[in-house]
1. Please report the equivalent ellipsoid semi-axes of the stretch A:1-83, computed as sqrt(5 x eigenvalue) of the Cα gyration tensor, largest first, in whole Å.
2. What percent of all Cα-Cα pairs in chain A falls into each 10 Å bin, going from 0 up to the bin containing the maximum distance?
3. Return the distance in nm (one decimal) between the two label points of a simple spin-label model at B:N229 and A:D42, each offset 7 Å from Cα along Cα→Cβ.
4. Give me the Kirkwood hydrodynamic radius of the stretch B:219-338 in Å, from all C-alpha pairs, to one decimal place?
5. Kirkwood Rh over alpha-carbon pairs of the stretch A:117-183, then Stokes-Einstein at 4 °C and 1.567 mPa s: what D in µm² s⁻¹, rounded to an integer?
6. Only helical DSSP H runs with n ≥ 4 go in: add -39500 (n - 2.57) per run for chain A, normalise by residue count and round the 222 nm mean residue ellipticity to 500 deg cm²/dmol.
7. Using Cα pairs closer than 8 Å and at least 6 residues apart in sequence, work out the relative contact order for the stretch B:44-201, in percent.
8. Out of residues 5 or more away from A:I324 or on other chains, whose amide H comes under 5 Å of its own, with H placed 1.01 Å from N in the peptide plane?
2 protein chains.
Amino acid sequence: MDKQDRPRRPTISDVAAAAGVSPKTVSRVINNEPGVRAELADQVLAAVSKLGFRRNTMASSLRSGGQTATIGLIIEDLANPFYSTIAATVANIARTHDTHLITVSSEENPELEQRQFLQLCQRRVDGMIIVPAGSDHSYTRPEVEMGMRMVFLDRPPSGILADSVVIDNAAGARAGIVDLLKDGHRRIGVVIDSPVIYTARERLAGVRSALAEAGIPYDDALVRVGVTNPDEAAHAVATMLDGVDPPTAFFTGNNRSTIGAIQELYRRDSDAALLGFDDFELATLMPRPLTVIAYDVQELGRAATLRLFERIGGDTSWPSETVIPTHLVQRGVQLLKS
Amino acid sequence: MDKQDRPRRPTISDVAAAAGVSPKTVSRVINNEPGVRAELADQVLAAVSKLGFRRNTMASSLRSGGQTATIGLIIEDLANPFYSTIAATVANIARTHDTHLITVSSEENPELEQRQFLQLCQRRVDGMIIVPAGSDHSYTRPEVEMGMRMVFLDRPPSGILADSVVIDNAAGARAGIVDLLKDGHRRIGVVIDSPVIYTARERLAGVRSALAEAGIPYDDALVRVGVTNPDEAAHAVATMLDGVDPPTAFFTGNNRSTIGAIQELYRRDSDAALLGFDDFELATLMPRPLTVIAYDVQELGRAATLRLFERIGGDTSWPSETVIPTHLVQRGVQLLKS
DNA sequence: TTGAAAGCGCTAACAT
DNA sequence: ATGTTAGCGCTTTCAA
């Protein structure tokens, strides 16, 4: 009789006893099933609010064998605005389906991703949206065969056939480079993330294809690979500018790198052109001109989430690949004055 | 026998049958309980991996009556970097407790917040971290009495006694204004969010206290209240600058307003001083000088999460209020060249 | 060391 | 219109 004991939550039976009805009747009332006399229903409702009863979602979904009204989202890093925008979009759509969202970060670590995936399976989420970190997702196959639905976001799956929503990385990068070439640039410094990341590979491929088409030889001295944060990007830009025959323009493969490049170019008062993949909110306040390869991040998240709910709703059609287009946008604070 | 039927996941009984043991033995093995012959355990493990068994977390926690290894986070808007930083911090700490995080947005809507809170209760989360939107949280009391733990973040609770972690809003704003006064400013434009929001009230109180102490009368013409986004902030700054006897300095009450103010001040080439509450990642690249009232956002999230897990761990001490300090930092891209 | 029986809180399937 | 029984997948309790 310790008063520190957490009081047990009332169950459906407690409510039934208090209302003088059977548990099944309570169940009917709280689930709005038809066929309960209004008078009885009122008694039940009164008991519910008197006892502070709240139906146990887990018990309910266990018995009815259906959905848990939960989906999972596996991303690299929730603190990155790109991913938090996606998480917010997914959560908002999930809410319209009365579904909760569990978000986990894999930190670009394939093993962690796999652990997280399996844990979400144990939790019996109704489906998952995955930004894949590794390059082999055959480990998901048994779960898929047992009914787990998943949609891959931003990067396609490998070793498994599944829905995916990606952006048009190669075409976007290609268009950006073509633009630089049109302005007369012939030496373009390239700063890009590790090639183990799909988007980095694709973007670099876009760059190379544009250069090749223009007959410009690919110069290894102008490419820095494996750059993962702004400081490394700033350093990469610095060393290229300090080299012989420095670039007159730079391409940065993601928003983190773009920020590092802006820092370095501004510090040096360099007038090199800058082309960055990914738009970002404060791009309009950056202290120098730049062009960004932009796309609708929310649309990326929306398309993936809608696809997932189609699957959860029973869609068994052949897996689809959705590609979100990109476009070039001029940024930089100088535009505010024009 | 429709092949479209999603195959049922194997249960503990299926594994038991396949391994020729009882369900309880399987349970012992998968929970690492002692007292199972190694040989038997191996049989069980073999059956587990052959069938692709994954223990159903919900069934498990239902029966053992304990925790669900899930916590909830109620914030205003996951797309806002302030909140996504907090969500990332909370999720990371939760992971060290093998706990999943469900994040929901209340969009500054008290009714939505309440609905979300009750839904998380129905899910039997082990606890919640709440950035309260409304001004009355007595509705949480029945749940707290039945064992729900919660910690309030960034804003204190009302109508209920609970742990909270907030920042030192008034002192931070006060220190910032004192700084402006020291530089000789006497007319300071104030741009602040709706006073229904605790942080806005506190920050405005800090401003007023600093002004009062310096013997400067509070001028309503220099205060814009209810500003919720950058555009409104830019407009507020514009109208004050266009007024008679315009301010020589501005105080903006949060990062959104600060951004709007920067836009407007930059556009006009105004040399008015700017003091903004909240630091933000790209503050170092803003095209004009500003001072920010900074604090450790991650520490805010960390302190709240640690407190919550203490509660979940059984701590029943008197509710605590943790206050995170602030400090002034110079920002703006011009610092990069010095 | 192993297993049988009961039950967590709820609902499906069947009475009445 | 209401109630009874059984059982979701697991673990507790207790017996062997």
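1. They are 34, 20, 12 Å, listed largest first.
2. 5, 21, 24, 18, 13, 8, 6, 3, 0
3. Here the answer is 4.7 nm between the modelled labels.
4. 16.3 Å
5. 95 µm²/s
6. About -13000 deg cm²/dmol.
7. Reported relative contact order: 17 percent.
8. Placed amide hydrogens put A:V166, A:I167, A:D168 under 5 Å from A:I324.
The values are calculated or read from the model by the stated rules, or taken from the named source; none is laboratory data. All of these numbers come straight from a predicted model, not from anything done at the bench. Quick reminder, even Gly has a Cβ in these numbers, built from the backbone with ideal geometry, and neighbours come from all protein chains shown. The area values use the complete protein model at the heavy-atom level, side chains included, leaving out ligands, DNA and RNA. Shrake-Rupley method; radii C 1.70, N 1.55, O 1.52, S 1.80 Å.
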